[in-house]
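A.B. asks: Below is one structure. I have some questions about it.
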Amino acid sequence: MKKTDSRIYNITLTGIFAALITIFTAYIGHIPVGVHGGYVHFGDGLIYLAAAILPTPYAMAAGAIGGGLADLLTAPAWAIATIIIKALLVLPFTNKGSTILNKRNYIAPIIAYLISHTGYFIAEAVMFGIKTALLSGLTGGLVQSGGSMVFFILLGQALDKISFKSKVEVTNG
């Protein structure tokens, strides 16, 4: 595959992931929690999947675009924070290797939880004050990240059984 073709392929796959992240964040399994517009969803699981398949800059774009669009559709006040946080969630993951799940990608969702929780805590403290952020932040984020981690691992196991990653032939071009 030529470098131009691989870039177009990666951009296309990024768009597909961004659309799936939007849908799984805004609509599928979307459960409102708290009083400030937060919600539990499975979109982060797809951000993790994108991070395990796509080159990092593309995965960051998929997470930022997908999460940002979902928030614009459901909780617009959070969109700016979400765009930043969802882009950062991909950093603990690796797309190296022939499988989605590997030692690093089993641990990465825990680090992603810390990134997400810290980011949303800061955003909530800025928007509503530190007392509110302290009272409301922990449980929703823990449930959110835990559900996304389980979803990612189950999806990764299923996709690894059919050698999905080798079939999408993502390159770093």
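The values are calculated or read from the model by the stated rules, or taken from the named source; none is laboratory data. All of these numbers come straight from a predicted model, not from anything done at the bench. So basically every Cβ, Gly included, is an ideal-geometry build from the backbone, and we count neighbours across all protein chains shown. Side chains included, ligands, DNA and RNA excluded: accessible areas come from the protein's heavy atoms. Shrake-Rupley method; radii C 1.70, N 1.55, O 1.52, S 1.80 Å.
A.B. asks: If you line up the long axis of helix 56-74 against the longest principal axis of the chain, both from Cα atoms, how many degrees apart are they, to the nearest 10?
C.D. replies: The angle comes out near 40 degrees.
A.B. asks: Rounded to the nearest whole Å², what accessible area per residue is found for the chain with the 1.4 Å probe?
C.D. replies: Result: 50 Å² of accessible area for each residue.
A.B. asks: Grab the beta carbon distance between Ala158 and Ser6, set R0 = 25 Å, and tell me the FRET efficiency rounded to 0.05.
C.D. replies: It comes to 0.45.
A.B. asks: Which net charge results for the neighbourhood of Ala123, defined as the other residues with beta-carbon distances under 13 angstrom from its beta-carbon, given Lys and Arg at +1 and Asp and Glu at -1?
C.D. replies: For residues surrounding Ala123, the net value is -1.
A.B. asks: Quick one: with all protein chains in place, what share of the accessible area of the chain is carbon or sulfur, to the nearest percent (1.4 Å probe)?
C.D. replies: The value for the chain is 74 percent carbon and sulfur by accessible area.
A.B. asks: Sum -39500 (n - 2.57) across every DSSP H segment of at least 4 residues in the chain, then divide by the residue count to get the 222 nm mean residue ellipticity, nearest 500.
C.D. replies: -25000 deg cm²/dmol
A.B. asks: Which of the following values of semi-axes √(5λ) of the Cα gyration tensor in Å was calculated from the structure shown: [x] 28, 16, 13; [y] 22, 20, 17; [z] 29, 22, 19?
C.D. replies: Recomputing semi-axes √(5λ) of the Cα gyration tensor in Å here picks out [x].
A.B. asks: Okay, moving on. Quick one: length gained pulling Phe128 to Ser166 fully straight, 0.36 nm per residue minus the C-alpha distance? Mind dumping the intermediate values first?
C.D. replies: Working: separation 38, 0.36 × 38 = 13.68 nm, distance 4.56 nm.
Roughly 9.1 nm would be gained on extension.
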